[in-house]
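Below you'll find the structure, written out as structure tokens, and then a few comments.
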Amino acid sequence: HALSEILAAETVSCLNQAMAVLQDIWDEIGIPEKQQLERTEAVKKHIESLLDMMISEEKNLKEYLLNSIAVCRKELDTLHRELQLAPFEVEEQGTILQMEKDLRARVQVLLKQKRDRKQELESLQERDRDLCDILCAAPFRIDSNAVPSLEDLDRYRRHLASLSTEKEQRQEQFVSTKQQIILLMEELDRSPDTSFEQDVVCKDDEAFCLSEDNIAALQNLLQQLEAQRSQNEAACTELRSRITLLWERLQVPVEERESSAVH
């Protein structure tokens, strides 16, 4: 304030000097006193107009800053509610200019947080859709329109980690069971008949839907093939026993038995 008073005094001094110079010029020119008064009045009006314009501009600036503060406060209330943060409390300290700057900076920080959370949610949902398609599972329940909380995002990440583990386990189980099924079919001289069997044997591993029903059907198919092999082995054992008995009864020579044994 002391500096402002000094500058104001200097301004008044400059004005007085300028008026004195103008007075000297008018006297030298010989302008009558009445006209000098008129000119002085014109100078006064020019100065008043300039000062009024400057005051108006500074008032507009103040109004702009106050309006910006009000808008920022309203936006911060909304952002705190959307981001599930504690209610926003304004610190009534500092100048209007500093307060407006601080509030605007706070808005930008929270807007970035909001964008980051929404982007991560979209990324998680995309991964969720891929995993659900493969596992035939229900998607994670979350409001896509709302801004997720940090706890929501953490739960979503853990859910997807669990799904990924489940996918890997089912994939390993599928590949292992598929190999056993292919070997059994070759051993039984059987080709895949049903559409499910063709999906298992003929399609790429990545194309197989790893749903719980499919995994159960896969295990059931393996058990059926193993049961068929067991039945065939039992039948073979019985036939071999009967053949051996007939050999004994017919007294078939050992050489002839050995030539037939390879079959």
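The values are calculated or read from the model by the stated rules, or taken from the named source; none is laboratory data. Predicted, not measured: the structure shown is a model, and the values here were computed from it. Don't worry about glycine lacking a Cβ; one is built from the backbone with ideal geometry, like all the others, and counts go over all protein chains shown. Heads up: the accessible areas ignore ligands, DNA and RNA and are worked out on the full protein's heavy atoms, side chains in. Shrake-Rupley method; radii C 1.70, N 1.55, O 1.52, S 1.80 Å.
Within the stretch 69-120, can you find the residues that are of a type in the set (Asp, Glu) and under 19 Å from Pro148 (Cβ atoms)? Lay out the reasoning, then the answer.
Of the stretch 69-120, the ones of a type in the set (Asp, Glu) are 75, 77, 82, 89, 91-92, 100, 102, 116, 120.
Those that are of a type in the set (Asp, Glu) and under 19 Å from Pro148 (Cβ atoms): Glu82, Asp116, Glu120.
Residues of the stretch 204-224 that are within 35 Å of the chain's Cα centre (by Cα) and surrounded by 11 or more Cβ atoms within 10 Å (Cβ to Cβ): Asp205, Phe208, Cys209, Leu210, Ser211, Glu212, Asn214, Ile215.
Could you tell me whether the stretch 80-100 includes any residue that is part of a helix (DSSP H, G or I) and in contact (Cβ under 8 Å) with a residue 40 or more places away in the chain?
From the stretch 80-100, those part of a helix (DSSP H, G or I) are 80-82, 96-100; that's our starting set.
Next, only the ones that are in contact (Cβ under 8 Å) with a residue 40 or more places away in the chain stay: 82.
Yes, the stretch 80-100 contains at least one residue that is part of a helix (DSSP H, G or I) and in contact (Cβ under 8 Å) with a residue 40 or more places away in the chain.
Apart from one condition, Lys178 fits all of (1) without any contact (Cβ under 8 Å) to a residue 12 or more places away in the chain; (2) more than 31 Å from the chain's Cα centre (by Cα); (3) part of a helix (DSSP H, G or I); the exception is (1). Restricted to the stretch 194-263, the set of helices (runs of 4 or more DSSP H) holding at least 1 residues that are at pLDDT 85 or above and among the acidic types (Asp, Glu) comprises 195-202, 212-250.
Can you name every residue in the stretch 127-152 that is touching a Phe, Trp or Tyr at 6+ places or on another chain (Cβ under 9 Å) and more than 27 Å from Leu210 (Cβ to Cβ)? Of everything in the stretch 127-152, just one residue is touching a Phe, Trp or Tyr at 6+ places or on another chain (Cβ under 9 Å) and more than 27 Å from Leu210 (Cβ to Cβ), namely Pro148.
Residue check: is Glu122 free of Cβ contacts under 8 Å to residues at least 12 places away in the same chain and under 30 Å from Ala216 (Cα atoms)? Criteria not met by Glu122. Evaluated against (1) in a loop (DSSP other than H, G, I, E, B); (2) more than 21 Å from the chain's Cα centre (by Cα), Arg170 falls short on exactly one condition, (1). With respect to the conditions (1) in contact (Cβ under 8 Å) with a residue 12 or more places away in the chain; (2) not in a helix (DSSP H, G or I), Leu131 lacks only one, and its number is (2). When Ala70, Ala86 are screened for being of a type outside the set (S, T, N, Q) and out of contact with any helix residue (DSSP H, G or I) (no Cβ under 9 Å at 6 or more places or on another chain), only Ala70 passes.
Considering the conditions (1) open to solvent by 70 Å² or more (accessible area, probe 1.4 Å); (2) within 33 Å of the chain's Cα centre (by Cα), Ile25 is excluded by exactly one of them, (2). With respect to the conditions (1) open to solvent by less than 70 Å² (accessible area, probe 1.4 Å); (2) in a helix (DSSP H, G or I); (3) out of contact with any helix residue (DSSP H, G or I) (no Cβ under 7 Å at 6 or more places or on another chain); (4) farther than 30 Å from Leu66 by Cβ, Tyr156 falls short on a single one, namely (3). From the list Leu210, Leu218, the one residue that fits, being touching a residue at least 60 places away in the same chain (Cβ under 8 Å) and not acidic (Asp, Glu), is Leu210. Against the condition part of a helix (DSSP H, G or I), at pLDDT 95 or above and under 30 Å from Gln113 (Cβ atoms), how does Leu61 come out, does it pass? No; evaluated as a whole, the condition is false for this residue. Of all residues in the stretch 115-133, those that are open to solvent by 50 Å² or more (accessible area, probe 1.4 Å) and under 26 Å from Ala207 (Cα atoms) total 7. Kindly establish whether Lys114 is more than 30 Å from Ser230 (Cα to Cα) and assigned to a helix (DSSP H, G or I). So Lys114 passes the test. Close Cβ contacts (under 8 Å, 6 or more residues apart or on different chains) running from residues in the stretch 1-17 that are open to solvent by less than 90 Å² (accessible area, probe 1.4 Å) to residues that are not in a helix (DSSP H, G or I) are absent. The number of residues in the stretch 134-175 that are closer than 26 Å to Lys203 by Cα, among the β-branched types (Val, Ile, Thr) and touching a residue at least 60 places away in the same chain (Cβ under 8 Å) comes to 1.
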